[in-house]
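Just below is one structure, and these are the notes that go with it.
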Amino acid sequence: MSGLTIKIFFHTKYVIIGASAAGINAAKTLRKLDKSSKITIISKDDAVYSRCILHKVLEGSRNLETINFVDPDFFEKNNIEWIKDADVSNIDIDKKKVLLQDNSSFKFDKLLIASGASSFIPPVKNLREAKGVYSLRNFEDVTAIQDKLKSTKRVVILGAGLVGIDALLGLMVKNIKISVVEMGDRILPLQLDKAASSIYEKLLKEKGIDVFTSVKLEEVVLNKDGFVSKAVLSNSTAIDCDMIIVAAGVRPNVNFIKDSRIKVEKGIVIDKHCKTTVDNIYAAGDVTFTAPIWPIAVKQGMTAAYNMVGINKELNDTFGMKNSMNLFNLPCVSLGNVNIADESYAVDTLEGDGVYQKIVHKDGVIYGALLVGDISYCGVLGYLIKNKVNISNIHKNIFDIDYSDFYNVEEDGQYSYQLR
Ligand SMILES: Cc1cc2nc3c(=O)[nH]c(=O)nc-3n(C[C@H](O)[C@H](O)[C@H](O)COP(=O)(O)OP(=O)(O)OC[C@H]3O[C@@H](n4cnc5c(N)ncnc54)[C@H](O)[C@@H]3O)c2cc1C
């Protein structure tokens with residue numbers, strides 16, 4: 001035997017469906033961990049961009065280039081093959097192949113499904129077939145809205161959650177009449193309580209925006225050309241309009257999953273390793289419907305990548321209830337659950353001078369916090385909620401708790417923090 005050592009490299013074929021928060025971050029992590037294997041991303045998108053700031057494109061302050069969240073040479077530099085403008089139609093689990101609408105296919109050893117979600121258009125009379133109805137999910141939606149805006153004077157936004165409010169912000173700079181219709185009893189029903197949303201609704205009304213809450217869209221009246229002309233609400237109010245933007249929630253993109261071995265409930269079911277119910281197939285981001293927000297998609301994409309290369313990594317942090325906004329220059333942070341109805345929870349509020357704050361707690365643990373106007377201490381509150389830190393032994397006003405309440409002075413004079 002000679003002293004020659006022969007190294008055999010096993011190249012893995014990684015395929016990722018989706019080129020957004022989850023898919024791109026998974027690919028980046030895969031390349032960091034595995035320098036030589038083949039990575040292919042397949043996406044309908046033909047550009048990489050952040051959906052979170054699409055409203056900036058709508059208002060005209062950004063474009064496709066300035067909402068791109070990767071470097072121009074990202075794919076080249078990381079040696080990643082990108083099949084863009086491509087529609088996945090099926091996954092052959094046994095042959096380990098991803099099939100596209102154009103009949104081409106891609107073999108994989110490990111697959112990540114990061115196909116995100118699409119806007120949901122509710123089954124309201126005439127809404128799905130009407131011309132002049134848009135959603136705000138993809139870059140193409142923005143360009144279509146901008147095109148129609150040239151002949152639009154009145155817009156109805158259906159849904160006053162985060163996406164509806166984004167649409168509103170994007171349109172407010174235009175010279176058009178805007179009405180917002182929300183079936184909940186307040187705007188931003190998941191993020192705000194009644195008191196906080198009243199503050200923002202007042203600001204909206206001052207800007208000439210009509211806000212309708214606790215009502216549903218019942219019917220869309222069309223003109224002779226099939227375009228929307230009125231939105232008729234469940235309380236019989238008829239709003240004249242030339243455009244409707246639907247922001248009534250999303251549904252996961254799972255239509256290409258036809259084999260029931262990949263279990264789908266509200267979204268694709270995954271475990272703590274972001275693995276689906278089929279070996280070697282992972283899922284991450286909005287398609288899993290865990291918490292349809294950007295940071296969770298990123299964390300899941302990265303976790304999946306570690307496990308795809310064989311490094312055991314668990315994701316236990318799916319804390320998605322954190323929102324910060326600066327609507328009309330009035331800052332707001334909403335953390336955890338701010339609308340707990342159960343009377344076993346205690347609720348402390350503080351109001352005055354442009355400020356509204358609320359903390360929901362039980363047995364020394366804070367479950368939710370809403371800070372409007374003054375968002376000091378939101379960092380420490382976020383930590384306390386996420387980690388369920390017990391604050392029973394801190395004897396001071398709950399609104400004044402800060403990081404200093406969690407350090408001790410050691411014998412040698414050094415500070416040590418209880419919070420990590
Ligand atoms: C207007 C708006 C505002 C938002 N604001 C915020 C915010 O402020 N904060 C926050 O945390 N989150 C926000 N979000 C949510 C955030 O954008 C999503 O959580 C995030 O984009 C999810 O990333 P993802 O990678 O899972 O999927 P997506 O971003 O949905 O991307 C899915 C990818 O899969 C591809 N794909 C889908 N189907 C197929 C198919 N059949 N074949 C091939 N490719 C396919 C798509 O082309 C795309 O590349 C906002 C979303 C919108 C729409």
The lone condition Glu314 fails out of (1) assigned to a loop (DSSP other than H, G, I, E, B); (2) modelled with pLDDT of 90 or more; (3) more than 30 Å from Cys52 (Cα to Cα); (4) not hydrophobic (A, V, I, L, M, F, W, C) is (3)
How many of the residues in region 255-289 are among the polar types (S, T, N, Q) and more than 10 Å from the ligand (Cβ to nearest atom)? 4
Quick check: anything in region 105-127 more than 20 Å from Asp286 (Cα to Cα), away from the ligand (no atom under 14 Å from the Cβ), more than 23 Å from the chain's Cα centre (by Cα) and hydroxyl-bearing (Ser, Thr, Tyr)? no
Single condition Glu343 does not satisfy, out of (1) more than 20 Å from Glu201 (Cβ to Cβ); (2) touching a strand residue (DSSP E or B) at 6+ places or on another chain (Cβ under 7 Å): (2)
So which of Leu30, Leu58 ends up being part of a helix (DSSP H, G or I), farther than 25 Å from Leu99 by Cβ, at pLDDT 95 or above and of a type in the set (A, V, I, L, M, F, W, C)? Leu58
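Out of the residues in region 275-311 that are without any contact (Cβ under 8 Å) to a residue 60 or more places away in the chain and in a loop (DSSP other than H, G, I, E, B), which is nearest to Lys96 (Cα to Cα)?
Asp279
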Segments classed as strands (runs of 3 or more DSSP E), wholly inside region 101-164, with at least 1 members that are surrounded by 19 or more Cβ atoms within 10 Å (Cβ to Cβ) and in contact with a Pro (Cβ under 9 Å, 6 or more places away or on another chain): 117-119, 154-158
Is it the case that region 283-292 has a residue that's in contact with a strand residue (DSSP E or B) (Cβ under 7 Å, 6 or more places away or on another chain), surrounded by 20 or more Cβ atoms within 10 Å (Cβ to Cβ) and charged (D, E, K, R)? yes
Condition test on Pro252, is it in contact with a strand residue (DSSP E or B) (Cβ under 7 Å, 6 or more places away or on another chain), within 10 Å of the ligand (Cβ to nearest atom), touching a residue at least 24 places away in the same chain (Cβ under 8 Å) and not charged (D, E, K, R)? yes
Before we move on, is Lys202 in contact with a strand residue (DSSP E or B) (Cβ under 8 Å, 6 or more places away or on another chain) and among the basic types (Lys, Arg)? no
So for region 323-330 (the condition being free of Cβ contacts under 8 Å to residues at least 24 places away in the same chain and more than 30 Å from Tyr14 (Cβ to Cβ)), does at least one residue qualify? yes
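Conditions tested, residue by residue: (1) in a strand (DSSP E or B); (2) among the hydrophobic types (A, V, I, L, M, F, W, C); (3) modelled with pLDDT under 95; (4) under 21 Å from Tyr356 (Cβ atoms).
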{"residue": "Ala167", "(1), (2), (3), (4)": "no, yes, no, no"}
{"residue": "Lys174", "(1), (2), (3), (4)": "no, no, yes, no"}
{"residue": "Ser179", "(1), (2), (3), (4)": "yes, no, no, no"}
{"residue": "Pro189", "(1), (2), (3), (4)": "no, no, yes, yes"}
{"residue": "Ser229", "(1), (2), (3), (4)": "yes, no, no, no"}
{"residue": "Arg251", "(1), (2), (3), (4)": "yes, no, no, no"}
Among the residues in region 334-355, are any crowded, with 22+ Cβ neighbours inside 10 Å, of a type in the set (A, V, I, L, M, F, W, C) and within 18 Å of the chain's Cα centre (by Cα)? yes
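The values are calculated or read from the model by the stated rules, or taken from the named source; none is laboratory data. Source: prediction; values computed, not measured. Note that each Cβ is placed from the backbone with ideal geometry, even for glycine, and that neighbours are counted across all protein chains shown.
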